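Below is one structure, written out as C-alpha cells, with a few remarks after it.
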Amino acid sequence: MDIEHSAALIAGGASGLGAATARRLHAAGARVVIADLDAQKGDELAAELGERATFVRADVTKPEQVEAAVERAAELEGGLRIAVACAGIGWAERIVSKRGPHSLDPFERVIEINLVGTFNVMRLAAAAMRANTPNADGERGVCVNTASIAAYDGQIGQIAYSASKGGIVGMTLPAARDLAGVGIRVCAIAPGTFDTPLLAGLPEPARTELGRQVPFPSRLGRPDEFGALVVAIAENAMLNGEVIRLDGALRMPPR
C-alpha cells in the first residue's frame with residue numbers, strides 16, 4: 001500500500017494507540033481522519049498534525065456516525081485505503097463474586113464497543129474501499145483491528161474484555177477471506193501491556209511492576225511501537241489474515 005497517496009481512518013484515534021497510529025500514518029504521508037468521541041482531544045491532535053489531518057466525532061457503535069467518518073476519508077485525495085480500529089474499553093469483574101453473578105450490562109457494553117464497534121468500522125470502511133482503483137497488486141485497501149493478548153491469556157476478572165478481543169481474533173481470517181476477492185487485506189494486532197490511558201490511572205509502582213513482567217524489553221509497550229506496526233502492515237501486501245502479538249514475549253499469569 002502506498003501510504004503517501006492514501007487516506008486513513010483511525011477509529012478511537014484521539015488518544016493512546018489510536019493517536020500514535022494517526023501520528024505514524026501522517027508522518028508517512030497519509031491524509032488522516034481521526035474519529036473519536038472525545039472532541040477536545042481529537043481537535044487538538046488534528047491541530048497538532050496540521051495539514052492532511054481532520055477530526056470527526058464518531059461513536060463506533062453508531063453506523064450513521066461511522067459512515068460519516070468513512071465518507072469524509074473516502075472524499076480525500078487517494079481515497080480511503082487504510083482503516084484502523086482502536087476504540088475500546090475495559091471492565092474487571094469475576095463471573096461470580098460475593099456480590100453475585102457478573103453484571104450483564106457492562107459485559108454487553110464491552111462487547112458492543114470492542115467487538116461490534118470494530119466490525120462496524122471494518123464493514124463500512126471495506127464497502128468504501130471496494131470502489132477504489134486497485135494498485136499493481138490488485139489491492140484496494142487494508143483494515144487493521146486491535147485485539148489483545150487477553151484474547152489468549154485472559155486473566156481473572158477479564159471475562160468481558162477477553163471475550164471481546166477473542167472475537168476480533170476470530171474475525172481476522174474469515175474477514176480476510178471474505179474481502180480477498182475485492183483486494184482488501186485484514187490483519188489484527190494483539191498488544192500486551194502498553195502505556196495507554198487504560199493504565200494511566202494505576203500507581204507508578206504498579207505500572208513499573210507490569211513492565212517488569214515483560215521478558216524483553218522489560219517495560220510497558222510504547223504506543224508509537226503499535227503505530228509503527230500498523231505502518232508495516234499497510235506497506236507489506238503479504239500480511240493478510242494474520243493476528244500479530246506485540247507483547248515482548250509476555251504471557252499473562254492468571255492474576
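The values are calculated or read from the model by the stated rules, or taken from the named source; none is laboratory data. Only a predicted model underlies this, so the values are computations on that prediction, with no experimental measurement involved. Heads up, the Cβs are rebuilt from the backbone with ideal geometry, glycines too, and the neighbour counts pull from every protein chain shown.
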Could you look through the range 116-135, keep only residues that are assigned to a helix (DSSP H, G or I) and more than 15 Å from residue 186 (Cα to Cα), and pick out the one that is nearest to the chain's Cα centre (by Cα)?
-> 117
Which one is farthest from residue 79 (Cα to Cα), of the residues in the range 136-155 that are at pLDDT 95 or above and in a loop (DSSP other than H, G, I, E, B)?
-> 149
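Yes/no per residue for (1) without any contact (Cβ under 8 Å) to a residue 12 or more places away in the chain; (2) farther than 27 Å from residue 140 by Cβ; (3) surrounded by 16 or more Cβ atoms within 10 Å (Cβ to Cβ):
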residue	(1), (2), (3)
159	no, yes, yes
178	yes, no, no
189	no, no, yes
194	no, yes, yes
197	no, yes, no
201	yes, yes, no
207	no, yes, yes
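Conditions (1) without any contact (Cβ under 8 Å) to a residue 12 or more places away in the chain; (2) crowded, with 20+ Cβ neighbours inside 10 Å; (3) assigned to a loop (DSSP other than H, G, I, E, B), marked per residue:
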position: 9; (1), (2), (3): no, yes, no
position: 19; (1), (2), (3): no, yes, no
position: 22; (1), (2), (3): no, yes, no
position: 47; (1), (2), (3): yes, no, no
position: 60; (1), (2), (3): no, yes, yes
position: 66; (1), (2), (3): no, yes, no
Which residues, counting only those in the range 193-205, are of a type in the set (A, V, I, L, M, F, W, C), at pLDDT 80 or above and either in a helix (DSSP H, G or I) or more than 19 Å from residue 87 (Cβ to Cβ) (or both)?
-> none
